[in-house]
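*Asks:* Provided herewith is a single structure, encoded as structure tokens, for subsequent inquiry.
The values are calculated or read from the model by the stated rules, or taken from the named source; none is laboratory data. Since the model is a prediction, treat every value here as computed from it, not as a measurement. Neighbour counts are summed over all protein chains in view; Cβ atoms, including those assigned to glycine, are modelled from backbone coordinates with ideal geometry. Just the protein is used for accessible areas: all its heavy atoms, side chains included, with ligands, DNA and RNA removed. Shrake-Rupley method; radii C 1.70, N 1.55, O 1.52, S 1.80 Å.
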Amino acid sequence: MNSGSPVEMPWRNDVSAVLLSWFPGQEAGAALADVLVGLTEPGGRLPTTWPATLADCPVTDVTPVDGKLTYTEGLFIGYRAWDRTDVAPAFAFGHGLGYTTWEYESVEWQGDTVMVRIHNTGSRQGREVVQVYLATADIDPSRPARALAGFASVVAEAGETATATITLPRRAFEVWDEQSRSWCYRPGSYDLHVGASSANCPLTLRIETRN
């Protein structure tokens, strides 16, 4: 697949795998050959959510009218909008496969840092992108249920474990205040959802933050 944005793939379940090359450039042939024969692992992760059909998309009004485009979805764009629906996308935000498999073993929180231990359960070296999504413990329907707060990639040989260290910025705990027109820090209880994509977070940890 060679496209710069999500497209429908009604045939996706009829093939063994889908390799997305995005904008590959003049060395596309050589790079794709290395991936297809296994010399190089495909290491990309989706920065967008891919629907099964366009009708499933929670946001489809993207055409300006009289030179204006009204963003009625507000904060609920991308995976934040999909979190509000009961429809599963074809491929979630952050999704991506390589030539090995991983087990997420544990997550710890120290200060402002998340440490995630993962185990390469496959038969060859691999690279994994560990993602941390932050959710407030108190449900606020006016805001997204969670947001990507940080991520890090790790490399491990077959059978080895690795620890991803992800420092969460202060901005991850801030919200924009319209009255003061500034970012405001929100201390309190948060849940860390850790995994390989927005739809695959096997680890969860409750944390407490202070001013």
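*Asks:* Quick one: accessible area per residue over the chain, 1.4 Å probe, rounded to a whole number of Å²? Intermediate results must be reported in sequence, preceding the final value.
*Replies:* On the way: 12760 Å² over 211 residues.
I get 60 Å² per residue for this part.
*Asks:* Applying the Karplus parametrisation 6.51 cos²θ - 1.76 cosθ + 1.60 with θ = phi - 60° to the phi angles of region 29-34, what ³J(HN,Hα) value in whole Hz is obtained for each residue in order, glycine and proline being reported as x?
*Replies:* x, 5, 5, 5, 4, 4
*Asks:* Let me ask something additional. Hey, if you drop one equal point scatterer on each alpha-carbon of region 1-71 and run the Debye formula without solvent, what base-10 log of I(q)/I(0) do you get at q = 0.11, 0.15, 0.19, 0.20 Å⁻¹?
*Replies:* Values, matching the q order: -0.42, -0.68, -0.93, -0.98.
*Asks:* If you don't mind, another one. Please give me the summed charge of the neighbours of VAL175: other residues whose Cβ is under 15 Å from its Cβ, Lys and Arg +1, Asp and Glu -1. Spell out each step's value before the answer.
*Replies:* Details: positive: ARG80, ARG143, ARG146, ARG170, ARG171, ARG181, ARG186; negative: ASP138, ASP140, GLU174, ASP177, GLU178.
After counting each charged neighbour, the total is +2.
*Asks:* ALA52: net charge of surrounding residues, Cβ under 14 Å, Lys/Arg +1, Asp/Glu -1, itself excluded?
*Replies:* Working: positive: ARG12; negative: GLU8, ASP14, ASP56, ASP86.
Counting the neighbours of ALA52, the net charge comes to -3.
*Asks:* Take ASP86 and GLU208, extend 7 Å from each Cα along the Cα→Cβ direction, and tell me the distance between the two endpoints in nm.
*Replies:* Label-label distance for ASP86 and GLU208, simple model: 3.7 nm.
*Asks:* Sort 160-171, 29-40 for me by packing, meaning the mean count of neighbouring Cβ atoms within 10 Å per residue, highest on top.
*Replies:* On the way: 160-171: 14.7, 29-40: 11.7.
In decreasing order of mean packing, 160-171, 29-40 become 160-171, 29-40.
*Asks:* Taking just the C-alpha trace of the chain, give me its Rg and Dmax in Å.
*Replies:* 19.2, 59
*Asks:* Still on this structure, please answer the following. To the nearest 20 debye, what is the magnitude of the charge dipole of region 72-147 about its Cα centre, counting +1 on the Cβ of each Lys and Arg and -1 on the Cβ of each Asp and Glu? If you can, show how the numbers build up before the last one.
*Replies:* Values: 7 positive and 10 negative charges, 55 e Å.
Its charge dipole is roughly 260 debye.
*Asks:* Estimate the FRET efficiency between ILE139 and ASN13 by the formula 1/(1 + (r/R0)^6), using the beta-carbon distance for r and 30 Å for R0, to the nearest 0.05. Intermediate values should be presented prior to the final figure.
*Replies:* On the way: r = 34 Å, r/R0 = 1.15.
After rounding to 0.05, the efficiency reads 0.30.
*Asks:* Another question about this same structure. Could you tell me which of GLN110, LEU39, SER198 has its Cα farthest along the dipole of the chain towards the positive end, charges placed at Cβ (Lys, Arg +1; Asp, Glu -1), taken about the Cα centre?
*Replies:* Final value for the positive-end residue is GLN110.
*Asks:* Roll a 1.4 angstrom probe over the protein heavy atoms and tell me the percent of accessible area of the chain that is carbon or sulfur.
*Replies:* On the way: 6530 of 12760 Å².
Using a 1.4 Å probe with all protein chains present, the chain comes out at 51 percent carbon and sulfur.
*Asks:* Which residue fluctuates the most in the chain, going by a Gaussian network model with Cα springs under 10 Å, if the choices are GLY96, GLY195, GLY159?
*Replies:* GLY159
*Asks:* Over the chain, what is the relative contact order in whole percent, taking alpha-carbon pairs under 8 Å and six or more residues apart? Walk me through the intermediate numbers first.
*Replies:* Numbers: 390 pairs, mean separation 35.6, N = 211.
Relative contact order for the chain comes out at 17 percent.
*Asks:* Next question, about the same structure. At 222 nm, what value in deg cm²/dmol follows for the chain if DSSP H runs of at least 4 each add -39500 (n - 2.57) and the sum is divided by all its residues, to the nearest 500? Each step should come with its number before you reach the end.
*Replies:* Details: 2 runs with 13 residues, N = 211.
For the chain, the value works out to -1500 deg cm²/dmol.
*Asks:* Let me know the charge dipole size of the chain about its Cα centre in debye, to the nearest 20, where only the beta-carbon of Lys, Arg (+1) and Asp, Glu (-1) is charged. If you can, show how the numbers build up before the last one.
*Replies:* On the way: 16 positive and 25 negative charges, 72 e Å.
It comes to approximately 340 debye.
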